[in-house]
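What follows is one structure encoded as structure tokens, with my remarks underneath.
We did not get these values from a lab; they are worked out from the coordinates using the rules stated. In this text, all values refer to a predicted model and were calculated from it rather than measured experimentally. Glycine also receives a Cβ, built like all others from the backbone with ideal geometry; neighbour counts cover every protein chain displayed.
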Amino acid sequence: MEHLRSITGDIPLSSLTAQHTDLYKVKRLQAAILPASINLEIRAIRSALNYALRWKLIDQNPFSGVKQLPIPDKAPAYFQRDDFVRLVSLIKEPWLKEIVLFAVSTGMRRSEITNLTWDRVDLVRRVVTVESSQTFQVKAGKKRTIPLSDLAMDLLSKKTSEGPASLVFTLDGGAIRANWLTHAFKKYVRRANVDDTLKFHSLRASFASWLVIEGIDIFAVSK
């Protein structure tokens, strides 16, 4: 809202028009702000003005229906195998090493792994089911079944279940927070002296990329 006011001046909310929305995008681009960041800002302003609309402070929201700035497609970064081996060799914390290996073996998202419970694991059929629960929402709400490789099976077979609803991956008996995982993983990315743009989500990209490199059909990988 401060960025908006610096562009429009301190005018009443009711004086905002569609012209101001276009001007906002132009000025922020001129300030060398990334299109993805500008899109995020626009969504935030639109959300704020929706409250003003509901409170009858304005008659319409000029940021409604504003087109997002196009973002060029960029191939997701993934680990080269040698870089990944070096990274894993540096990890000292067992809980982190387990999660990193499991992530690259299954292609599961960070939140899916940290919220995985034993009732979603079937070691007999060698599959994990990813689906929403009362405490966790799967992205796009889509349920899917993931086959387990020998490495993933080995990791799970060595762990102890405290009940069907208990978490598979824990730290000191408790849930693993997303920021802990992100911070700990990034620390080792830097220690391994690999591409600094690589992040935890890059393990998911690595899973997919390595399969394609091995000749697995890309449609099967996407499924």
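Below is a table of values for the structure above.
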| item | result |
| --- | --- |
| Listed residues LEU49, LEU34, LEU90: farthest to the positive end of the dipole of region 21-94 (Cβ charges) | LEU49 |
| Helix-only mean residue ellipticity at 222 nm for the chain, each DSSP H run of n ≥ 4 adding -39500 (n - 2.57), per residue, nearest 500 | -14500 deg cm²/dmol |
| Burial ranking of peptide ranges 193-201, 49-57 (average Cβ count within 10 Å, highest at the top) | 193-201, 49-57 |
| Which of ILE58, THR197, ALA184, positive extreme of dipole for the chain (C-beta unit charges) | ILE58 |
| P(r) weight above 17 Å for region 1-96, C-alpha pairs, percent | 61 percent |
| GNM result for the chain, Cα springs below 10 Å: residue of ILE71, ILE213, ILE99 fluctuating most strongly | ILE71 |
| Net length gained if the chain between LEU90 and VAL138 were fully extended (0.36 nm per residue, minus Cα distance) | 14.2 nm |
| The chain: relative contact order in percent, alpha carbon pairs under 8 Å with at least 6 residues between | 22 percent |
| Label-point separation in nm, TRP180 to ALA36, each point 7 Å along Cα→Cβ | 2.7 nm |
| Candidates ALA31, ALA140, ALA192: whichever shows maximal mean-square fluctuation once the chain is modelled as a Gaussian network with Cα springs under 10 Å | ALA31 |
| Three-way shape label, region 64-223, alpha-carbon gyration tensor, a/c 1.5 | rounded |
| Centre separation in Å (Cα based) which lies between region 68-124 and region 157-221 | 2 Å |
